[in-house]
Amino acid sequence: MAGTFTSRAQGAITAGPLLVGAAVFAGLMLLADRMLGDPDTHWHIALGARIWRDGAVPWTDTYSHTVAGTRWIAKEWLSQLLLFGARAAAGWWGVVALSAAALAVTVALLFRWLARRLRWSLALGLTLLSVLFLAPHALARPHVLALPLLLVWAIELSAAAERREAPSPWLLGVLVLWANLHGSFTIAYPLAALLGADALLGAAPGRRLDLAGRWCLFGLGALGAGCVSPYGLHSMVVTLTIFGSGESLPFVTEWQPLAFDGIGLAALGLSALLALGLALEPGRNAVRLAALAMLTAMMLRHTRFLDLFALVAPVLAAGPLLRRFPGLGPEPDRPGARFPGWCGALGSLAVAALASGLAAGREVAPSASVTPAAALASARSAGLTGPVYNDYDFGGFLMAEGVPTFIDGRTDQLYLGGFISGLDRAVRHSETGPFLAILDRHRVTWALVRTDGREARHLTGAPGWLLLHGDPVATVFGRASPVPAALPSARPGS
């Protein structure tokens, strides 16, 4: 009987994640337009095309006219190459499918790991909450390609800590791949430090010195693994640039504090429940409580870290909660144990194929709100040349179209030192003068701005500027007179 149960349970554990992953993939394929709604998707693909063409990664900016020549690295170069490959192979559907597959694999892995430890209802509930938290950032961008690696890293470190052992060296290979896919790999280090401390806390006193040595060796290996990329240590340092200056963070939506809406309140509620469960054994769970507090604080400060919380928090809490409440473990007589694995495989293939078929019957393209194609065509027809002023959200599109930008989504490394903050002050100013002074200073000859934006209101009727095109998405303005000569060199807003 034990052997029969083990076989059937294994089939259930195989079938469930396949079906969950297929459902996520199918849902994202049906929401393909939404996944292409981010302006940065354009420039990531354009950069991947350049890397493929040149056979090298860039070290300086050549895409803007305002900060051209500034040191800049494409730290997500491998993701950009993959997104370009998907676009070249299967058009925009290829980009959506690649991103959807990465998210589906992530969710399936999470459910599989939770279902091996907890009741299926609880595992499924936690997984669905994670899907809810991942949803706002379910976009065709490099970060989604790194999510499976983040989850594997957290799972393996947590399991090693629970066994009071050092992580396996193969995990360093995961970090090498992660470091070339996305800059979020730097979170691997605090997670490793915290879970290493958790392993030491629970180990027998006589083993702690040896265990500490092995975790330290793993940590040193992790530091080296994070530098195995074309940029070496520079990819790691760039993350410090983002949080060191902090200048660009207030102007990017995903770096805003967590909103107390439905998703935000659900995330806080889950954090509180997990913390309460861990706090029932405060001594044994002290480090994991600290890790959960760190994840919650990061999420509250920047909504971008909701993804991190969604995947890592359940992994941190599952083992200790099961130890405290054994009844949360899998039920030996659960109906799922009689569900053959091959049925799950066939069912998941059917779900994914059906969604793909329905999706393939329609065209998919990036959102018109970040793709001002008609406005750019009009500007080109009018013969507009020279430096452009563009809306922030149009920067990615212009990069892909070969137009040097005024500003774009690479604010993690560029447009710092007062540039973006000064520009924001001028755009928000009640008077037109400060904004026009910036355009003069950068010798801007035409503008491609959002029709309902502040810049359009500044330029409408401004001396020396003419309205040349307008549509619901974008408006084009051109200079009616030459750029004033002998302009002072200064940063925007200064």
Seminar exercise, completed: In deg cm²/dmol, rounded to the nearest 500, the helical mean residue ellipticity at 222 nm of the chain, built from -39500 (n - 2.57) for every DSSP H run of length 4 or more, is -19500 deg cm²/dmol
For this session: With no solvent and one equal point scatterer per Cα, compute the Debye intensity ratio I(q)/I(0) for the range 368-479 at 0.11, 0.13, 0.14, 0.21 Å⁻¹ and report its log10, rounded to two decimals.
Result: -0.30, -0.43, -0.50, -1.22
Seminar exercise, completed: Mean separation of Cα contacts under 8 Å (at least 6 apart) over the residue count of the chain, i.e. the relative contact order in percent, is 21 percent
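Regarding the range 73-332, what is the average projected area of its C-alpha convex hull, in nm²?
Working: hull surface 59.4 nm².
Result: a mean projected hull area of 14.9 nm².
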Seminar exercise, completed: Percent relative contact order for the range 368-479, counting Cα pairs under 8 Å at least six residues apart, stands at 31 percent
Seminar exercise, completed: The long-range amide H neighbours of ASN390, using H built 1.01 Å from N in the peptide plane and a cut-off of under 5 Å, are PHE406, ILE407, LEU448
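Looking only at GluC sites (Glu not before Pro) in DSSP loops with at most 12 other Cβ atoms within 10 Å, what is the longest site-free stretch of the chain?
Values: sites that count: GLU363, GLU431.
Segment 1-362 is the longest.
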Exercise. What's the Kirkwood radius of the chain in Å, using all Cα pairs?
Worked result: 24.8 Å
Seminar exercise, completed: Placing +1 on each Lys and Arg Cβ and -1 on each Asp and Glu Cβ in the range 73-332, then taking the dipole about the Cα centre, the residue among ALA222, TRP92, TRP170 whose Cα reaches farthest towards the positive end is TRP170
Exercise. Charges only on Cβ, +1 for Lys and Arg, -1 for Asp and Glu: so what's the dipole of the chain about the Cα centre, in debye to the nearest 20?
Worked result: 980 debye
Problem set entry | Longest exposed-site-free window of the chain, the sites being chymotrypsin sites (Phe, Trp or Tyr not before Pro) in a DSSP loop that have at most 15 other C-beta atoms within 10 Å | 261-494
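Values quoted throughout were computed directly from the atomic coordinates according to the rules given, and no laboratory measurement underlies them. This one's a predicted model, so the numbers in the text were calculated from it and none came from an experiment. Note: ideal-geometry Cβ built from the backbone for every residue, glycine included; neighbour counts use all protein chains shown.
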